[in-house]
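Structure first, then comments.
The values are calculated or read from the model by the stated rules, or taken from the named source; none is laboratory data. As the structure is a prediction and not an experimental result, all values here were calculated from the model. Heads up, the Cβs are rebuilt from the backbone with ideal geometry, glycines too, and the neighbour counts pull from every protein chain shown. Heads up: the accessible areas ignore ligands, DNA and RNA and are worked out on the full protein's heavy atoms, side chains in. Shrake-Rupley method; radii C 1.70, N 1.55, O 1.52, S 1.80 Å.
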Amino acid sequence: MSCCIYSCSSAPSFSAPSASNGSSRFTFSSSSRSRIHCAFGGTVAEPQVTAAAEPLLLNAVRGKDVERPPVWLMRQAGRYMKSYQIICEKYPSFRERSENVDLVVEISLQPWKVFKPDGVILFSDILTPLSGMNIPFDIVKGRGPVIFNALRTGADVDQVREFIPEDSVPYVGEALTILRKEVDNKAAVLGFVGAPFTLASYVVEGGSSKHFAKIKRLAFSQPKVLHALLQKFATSMAKYIQYQAESGAQAVQIFDSWATELSPVDFEEFSLPYLKQMVDAAKRTHPNLPLILYASGSGGLLERLALTGVDVVSLDWTVDMAEGRRRLGQNIAVQGNVDPGVLFGSKEFITNRIRDTVRKAGRGKHILNLGHGIVVGTPEENVAHFFEVAKGLRY
Ligand code: CP3
């Protein structure tokens, strides 16, 4: 266990009096000095930055004694970055940017080079597998995802092919392998997949949706048709998790962003069993691969999300972190959950909100993140500040 508290100009630090997992007693110290203070007196030289054998993020998820929470941000690669916008001018098609190995690697590494997050997420989309499943789609600027022939009937679902990642998206595997080499365990390389219900919502609605009326019509009038579609997605996405792990992903996040549009009773029928199937399949072949589950607006479903068997539940910002932790218990790790809107606030406000979140999460088994993706227009300097403060924290 480290006795040292690192203080730098804009990164206030805090220390916990006890190493016990889940301790919520912290003492904060804010300092403008740039050196290392030993909690028991004196100062020591700054540590050499060396690549740990295992990335901090993996150690934190596994409940090892870590000195601070690892940090990364959902949608950390993308439109708020000037360097991404420059690539978009040259390659205006999202499909091209996300399906060309060199571009995928370059875009994934953009935030890594600038902010050095503890997780480097693949630049891709949850919809990327769709064309390999015979569901043509595009992501159109200003409009978002567009499914060319929305699925509505049993005959439509019959046309959906099971996904064979190595045939349909070899660029994803290649990009993950390169990223793993580039990042070299200085951070964890993160893969991700969409969850069956969330993917089904796009392909049945035909794109993004406000009221989810079409998928609910299907669920509540022809449930067998929807179940057939969900099963195809569950089998396919389980394979996709395994493929990403074999290609180099060190943890995989499952996005069930819109599962919370379902009542708990419907979540238990149309989402939970399929998530569980995916988790079980991934754990059978990759028992040590951490799985993270995110759902937007998940306060009403937290305990049910944990029933999937994932290692980490990612909380959105409408849940108080301390309450979320209490409800989920100490055996599962938590991720989140700063409001992405906080990044539009003052630097002092951002600092305080980070500290509040980390204190509420308690020591260990916490990945600091936002409660949803970074919003377009977020000032890059505020993102830099977020990472600087987060990486300067010490338990
Ligand atoms: O986190 C990362 O940096 C990795 C990249 C990533 C993207 N999409 C890139 C992207 C991830 C993890 C996703 C996941 C995703 N995609 C989700 C789940 C997360 C969530 O937000 O709940 C969902 C629901 C989608 C579907 C999707 N893709 C939508 C609704 C949109 C349109 C958003 C908009 O504002 O236009 C996309 C497009 C998309 N995927 C963009 C990015 C960076 C924006 C388009 C662009 O950059 O040209």
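What to note about this one:
- Scanning the stretch 263-283 for residues that are part of a loop (DSSP other than H, G, I, E, B), modelled with pLDDT of 95 or more and closer than 21 Å to K216 by Cα turns up at least one hit.
- Subset of the stretch 50-89 (residues that are within 9 Å of the ligand (Cβ to nearest atom) and under 20 Å from the mean Cα position of the chain (by Cα)): W72, L73, M74, R75, Q76, A77, G78, R79, Y84
- Residues that are at pLDDT 95 or above and surrounded by fewer than 20 Cβ atoms within 10 Å (Cβ to Cβ), drawn from the stretch 67-82: E67, R75, K82
- Leading residue by the ranking (nearest to L230 (Cα to Cα)) among those in the stretch 129-145 that are within 9 Å of the ligand (Cβ to nearest atom) and crowded, with 17+ Cβ neighbours inside 10 Å: P145
- Single unsatisfied condition, N185 versus (1) open to solvent by 50 Å² or more (accessible area, probe 1.4 Å); (2) more than 16 Å from the ligand (Cβ to nearest atom): (1)
- Reported count of residues in the stretch 90-116, each being away from the ligand (no atom under 11 Å from the Cβ) and open to solvent by 30 Å² or more (accessible area, probe 1.4 Å), is 8.
- Qualifying positions in the stretch 192-219 - of a type in the set (G, A, S) and surrounded by 24 or more Cβ atoms within 10 Å (Cβ to Cβ): G194, A195, A200, S201
- Residue ID - most open to solvent (accessible area, probe 1.4 Å), chosen from residues in the stretch 117-128 that are of a type in the set (V, I, T) and more than 22 Å from V383 (Cα to Cα): I126
- Test: residue in the stretch 165-175 that is open to solvent by 20 Å² or more (accessible area, probe 1.4 Å), in a helix (DSSP H, G or I) and either in contact with a Gly (Cβ under 6 Å, 6 or more places away or on another chain) or over 30 Å from E54 (Cβ atoms) (or both): yes
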